[in-house]
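Asker: Before I ask anything, here is the structure I am working with.
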Amino acid sequence: MKSEGPFDFHGRTVFVAGGSSGINLGIAEAFAQHGATLAILGRSQERIGTALEQLRRHGGEAAGYSADVRDAAAVRDALAQAHARFGAIDVLVSGAAGNFLAPALGMSANGFKTVVDIDLLGSFNVLRGAHEFLRKPGASVISLSASQAFVPTPFQAHVCAAKAGVDMLTRVLAMEWGADGIRVNSIVPGPIEGTEGIRRLAPNDEERRRMTARVPLSRYGTCADIAGIAMVLSSPLGAYITGVVLPVDGGISLAGPRDFSAAWTATRRER
Ligand code: COA
Ligand code: NAP
């Protein structure tokens, strides 16, 4: 694809934690289409391999690293390897996450901790671990949040707590790292077509209809809807934006808490 103006990312390095599938892969692919060099991180080697094939079709370089975001040393090692190979990281996307539907009384301490560890501690590990490898000045850091961060949502206690933490981390690091010329923002996707996240929250046609009916723009979003904003935030057009938590959600977060009780019944795991 021809790239010019603010969206020319030739010569730029983009590191995407959780970049082997879904929205994060959609973001990685958009940057690849606009000339960037990509590094992606996830756990499954197989998923990473498939994603790299997809990214390399756009003609640029792409490398994959297998690590669990809960392991700070492994994450730092992956970031160091990407830095050694491609140079300073211009855009860092932190999007690894886990989710399942369960009432608080239906999840163990380990179930709650698992999601908090992946989403919140994992984001800290990715951002903290990346700081020394980020371009200074100029880097754009983006965390993937969710409306659960500010809409209290039954059956999502773990995600609500974790993503609220992610957004506060965004604001704090925007303040701490502003002097280095690093901007830190959160994107809050709405329900995104064809992703694992939405398969877990709207597991059948009835739930899908109920979810769509709550979106003021009356449709699911696409990975491209999210990727476009990630590019704007990382381009010169976003040069004065930091510490922002930006819903890109068709307006669904205006509608208040969702009722996930039927979806939970469809996916429930007896404890
Ligand atoms: N209901 C209640 N508890 C559940 C659950 C469910 N549906 N699914 C998992 N848990 C609990 C487990 O029982 C376990 O707790 P326990 O040890 O007390 O039994 C705990 O969560 C950890 O489960 P485990 O399968 O060992 O975790 P993991 O680290 O292998 O995987 C998950 C993490 C559970 C989040 C897994 O679904 C995952 O890897 N998801 C990534 C993809 C994803 O969720 N995408 C959507 C992003 S929005
Ligand atoms: P997804 O397809 O499940 O992608 C998750 C990615 O993270 C995968 O690459 C996965 O690969 C990786 N990952 C998961 N756990 C990991 C771990 N412990 N260590 C390292 N990598 C890990 O997710 P998605 O549905 O597209 O969601 C992407 C992001 O958007 C998430 O942050 C999510 O909270 C947010 N979001 C999504 C929606 C939606 O509609 N989908 C809505 C709001 C917010 P491995 O499993 O191989 O590790």
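Asker: Tell me, what is the per residue accessible area of region 10-270 in Å², probe radius 1.4 Å?
Answerer: The answer is 43 Å² per residue.
Asker: Could you list log10 I(q)/I(0) for region 25-74 at q = 0.16 Å⁻¹, which the Debye formula gives when each Cα is one point scatterer?
Answerer: After summing over all Cα pairs, the log10 values are -0.43.
Asker: Let me ask something additional. For region 201-266, compute Rh as the Kirkwood radius over C-alpha pairs and then the Stokes-Einstein diffusion coefficient at 10 °C and 1.306 mPa s; write the answer in µm²/s, rounded to an integer.
Answerer: For these conditions, the coefficient is 115 µm²/s.
Asker: Order the peptides 262-268, 138-144, 12-18, 248-254 from the highest to the lowest mean number of other Cβ atoms within 10 Å of their residues.
Answerer: Order by mean packing, descending: 12-18, 138-144, 248-254, 262-268.
Asker: Let me ask you something else. In what order, largest first, do Asp90, Asp77, Asp205 sit by accessible area if the probe radius is 1.4 Å?
Answerer: Accessible-area ranking of Asp90, Asp77, Asp205, largest first: Asp205, Asp77, Asp90.
Asker: Region 116-133 to region 134-162: how many Å between their Cα centroids?
Answerer: Region 116-133 and region 134-162 have Cα centres separated by 12 Å.
Asker: In terms of the ratio Rg/(2.2 N^0.38 Å) built on C-alpha atoms, what value belongs to the chain?
Answerer: 0.96
Asker: Pulled fully out, how much extra length does the chain show between Asn204 and Ala239, if you take 0.36 nm times their separation in residues and subtract their Cα-Cα distance?
Answerer: Net length gain for the segment: 8.5 nm.
Asker: May I pose another question? Ignoring everything except DSSP H segments at least 4 long, calculate the 222 nm mean residue ellipticity for the chain; use -39,500 (n - 2.57) per segment, divide by total residues, nearest 500.
Answerer: Value at 222 nm, helices only: -12500 deg cm²/dmol.
Asker: Take each uninterrupted DSSP H stretch in the chain, measure its Cα extent along the helix axis, and return the ones at 27 Å or beyond whose mean Kyte-Doolittle hydropathy is at least 0.5.
Answerer: 157-177
The values are calculated or read from the model by the stated rules, or taken from the named source; none is laboratory data. In this text, all values refer to a predicted model and were calculated from it rather than measured experimentally. Here Cβ is always computed from backbone atoms with ideal geometry, including for glycine, and neighbour counts include all displayed protein chains. The accessibility values were calculated without ligands, DNA or RNA, using every heavy atom of the protein model including side chains. Shrake-Rupley method; radii C 1.70, N 1.55, O 1.52, S 1.80 Å.
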